[in-house]
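The values are calculated or read from the model by the stated rules, or taken from the named source; none is laboratory data. Just so we're clear, the structure is a prediction, and the values are computed from it rather than from any experiment. Methodologically, a virtual Cβ is constructed for each residue, glycine included, from the backbone with ideal geometry; neighbour enumeration extends over all protein chains shown. What goes into the accessible areas is simple: the full protein's heavy atoms, side chains included, and nothing from ligands, DNA or RNA. Shrake-Rupley method; radii C 1.70, N 1.55, O 1.52, S 1.80 Å.
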Amino acid sequence: QVQLVESGGRLVQAGGSLRLSCAISGRTFSTYPMGWFRQAPGKEREFVAFINWSGGNTDYADSVKGRFTISRDNAKNTVSLQMNSLKPEDTAVYYCAAANKFSTNDRDYNYWGQGTQVTVSS
């Protein structure tokens, strides 16, 4: 059983920064590709960022490229999302998830956290 717990979400002004963290427990974390997704009110969940097991390969949604950075620390069983230059449209519940393969499709992710709320005010 894999458990994921996100933290770091809060209210922030546009242009500000936040760092989300996801702590993973259970099975061998270092073997899982990891991703961040988000869901805004009234919208479908969308891919944000992905990182492979070693951290050497990442991918981002076009909407966050150049502003967000995903990273992982396999020794500490954590994955993080550094978010800079935040915009009101970044407001959403952010979820970390563990995948079974390199993918931007949420159907390829087997384990999910409960989410953390990020609100960006204008």
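Listing for the model above:
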{"read-out": "Cα centroid separation - region 6-52 against region 70-122, whole Å", "value": "1"}
{"read-out": "Dipole-positive endmost among N100, F47, L81 within the chain (Cβ charges, Cα centre)", "value": "L81"}
{"read-out": "Modelled label reach - N52, point 7 Å along Cα→Cβ, region 2-37 residues with backbone N closer than 19 Å", "value": "29-36"}
{"read-out": "Per residue, in Å², the accessible surface of region 33-122 once ligands and nucleic acids are set aside, probe 1.4 Å", "value": "49"}
{"read-out": "Stokes-Einstein D in µm²/s, Kirkwood radius over Cα pairs - the chain at 4 °C with 1.567 mPa s viscosity", "value": "92"}
{"read-out": "Local net charge near S30, Cβ-Cβ under 12 Å (Lys/Arg +1, Asp/Glu -1)", "value": "+2"}
{"read-out": "Proximal charge balance of R67 [Cβ under 9 Å; K/R count +1, D/E count -1]", "value": "+1"}
{"read-out": "Cut-off 12 Å between beta-carbons: net charge of the residues surrounding R107, Lys and Arg +1, Asp and Glu -1", "value": "0"}
{"read-out": "Region 1-73, accessible surface, carbon-and-sulfur percent (1.4 angstrom probe)", "value": "44"}
